[in-house]
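K.L.:
For reference, the structure I am asking about is given below.
The values are calculated or read from the model by the stated rules, or taken from the named source; none is laboratory data. Only a predicted model underlies this, so the values are computations on that prediction, with no experimental measurement involved. In this analysis, Cβ positions are derived from the backbone assuming ideal geometry, glycine residues included, and neighbour counts consider all displayed protein chains. Areas reflect the complete protein model, heavy atoms only, side chains present, ligands, DNA and RNA absent. Shrake-Rupley method; radii C 1.70, N 1.55, O 1.52, S 1.80 Å.
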Amino acid sequence: MSVLRVAAVAFRSEFGEPDLNLQQLLAWIEKAGDQGARLVCFPETALHGYCTCPDTIEKLAEPIGGSRMATIAAAAKAHDVAVGVGMALRDGNKIYNSMVFIGPHGFIGAQHKMHLCGTDHAYDPGERWQVFDVLGWRVGAPICFDCDFPESVRVLALQGADLIVMPFASGRRSSAGKRAEPGDWAQEVSRWPPARACDNKVFVVGV
């Protein structure tokens, strides 16, 4: 297994502003690539911003091979990196909260969020866990609330995952439903990656 340098990029993703967010993604892909990263990972719904309004998601959802995805693919090729980016993904008549992996040679695959929050009716739930070949590594990606469940990473590990990427878009509320102060959620979430890594003997990157 080759060494894989990963860049985990947390940035301000504006709600319903995919073109503005895309420009930030491209700038971070270039910066990470210049610093030697081979895999550049962004948070949950980084492209469209975290929004649970069905009408907004319906308008903004990106199809596989859509124009913004093509732009990200071109950047991945130009900088010889793979990119994991959260987005609202349209697949047929369904819309998923997805972590999409794009490599130097184009689209690799997409994991759809399996466990949707109780108030989130904008997306369809994913139906299966997937492991993707990303630059010679086997990568799985449970998304945000998926990471609450130990079984999510266990299933991916049993499918042969070497690396688990955990994209989050949390911060407004704690898991107890209380208003979160700056840093509260990061402290809480930071417990999950090392626990899942230890339980399953895999590498975990949270972003």
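K.L.:
In square angstrom, rounded to the nearest 10, how much accessible surface does LEU20 have for a 1.4 Å probe?
P.N.:
90 Å²
K.L.:
OK, next. Just read off the accessible area of LYS113 with the full protein assembly in place, 1.4 Å probe, to the nearest 10 Å².
P.N.:
0 Å²
K.L.:
Which whole number of Å³ per residue matches the convex hull of the alpha-carbon atoms in the chain?
P.N.:
Values: hull volume 23.8 nm³, N = 207.
Taking the convex hull of the Cα positions in the chain, it is 115 Å³ per residue.
K.L.:
If I build a Gaussian network model for the chain, linking alpha-carbon pairs within less than 10 angstrom, which residue out of PHE11, PHE42, PHE145 has the largest mean-square fluctuation?
P.N.:
Judging by the Gaussian network model, the answer is PHE11.
K.L.:
Separation between the ASP199 and LEU135 pseudo-spin-labels, each 7 Å from Cα along Cα→Cβ, expressed in nm?
P.N.:
2.7 nm
K.L.:
Which lysines, on any chain, are close to LYS59 with Cα under 20 Å apart, when same-chain ones fewer than 8 places away are left out?
P.N.:
Of all the lysines, those that pass the test against LYS59 - Cα under 20 Å, at least 8 places apart if same chain - are LYS94, LYS113.
K.L.:
What percent antiparallel are the DSSP beta bridges of segment 1-150, to the nearest 5? Intermediate values should be presented prior to the final figure.
P.N.:
On the way: 18 of 26 bridges.
Of the beta bridges lying entirely in segment 1-150, close to 70 percent run antiparallel.
K.L.:
Extent of segment 23-129 along each principal axis, from alpha carbon coordinates, in Å, largest to smallest?
P.N.:
Sorted from largest, the Cα extents of segment 23-129 read 40, 23, 23 Å.
K.L.:
Please give me the summed charge of the neighbours of ALA32: other residues whose Cβ is under 11 Å from its Cβ, Lys and Arg +1, Asp and Glu -1.
P.N.:
Values: positive: ARG5, LYS31, ARG38; negative: GLU30, ASP34.
Spelling it out: positives minus negatives among the neighbours equals +1.
K.L.:
Under a GNM of the chain (C-alpha, springs under 10 Å), which listed residue has the highest mean-square fluctuation: SER152, SER67, SER98?
P.N.:
Comparing SER152, SER67, SER98 in the GNM, the peak value goes to SER67.
K.L.:
Another question, if that's okay. Once you've got the GNM for the chain with C-alpha springs shorter than 10 Å, pick whichever of PHE132, PHE149, PHE107 has the biggest mean-square fluctuation.
P.N.:
In this elastic network of the chain, the residue with the biggest mean-square fluctuation among PHE132, PHE149, PHE107 is PHE149.
K.L.:
Taking square-rooted eigenvalues a ≥ b ≥ c of the alpha carbon gyration tensor, is segment 1-75 rounded, prolate or oblate, where a/c under 1.5 means rounded and, failing that, a/b exceeding b/c means prolate? Could you put the intermediate results ahead of the total?
P.N.:
Numbers: a/c = 2.19, a/b = 1.92, b/c = 1.14.
Prolate, since a/c reaches 1.5 and a/b exceeds b/c.
K.L.:
Where the accessible area of segment 1-96 is counted over protein heavy atoms with a 1.4 Å probe, how much of it, in %, is carbon and sulfur?
P.N.:
50 percent
K.L.:
If you roll a 1.4 Å probe over the heavy atoms of the protein chains, what accessible area per residue do you get for the chain, in Å²?
P.N.:
Values: 9910 Å² over 207 residues.
Normalised by residue count, the accessible surface of the chain is 48 Å².
K.L.:
Moving on. Kindly report, to the nearest 10 Å², the accessible surface of HIS112 as traced by a 1.4 Å probe over protein heavy atoms only.
P.N.:
30 Å²
K.L.:
Short version: ³J(HN,Hα) in whole Hz for each residue of segment 11-28, in order, from phi by Karplus 6.51 cos²θ - 1.76 cosθ + 1.60 (θ = phi - 60°), x for Gly and Pro, what are they?
P.N.:
For segment 11-28, the Karplus curve yields 8, 7, 9, 7, 4, x, 10, x, 6, 5, 5, 4, 5, 5, 4, 4, 5, 6 Hz.
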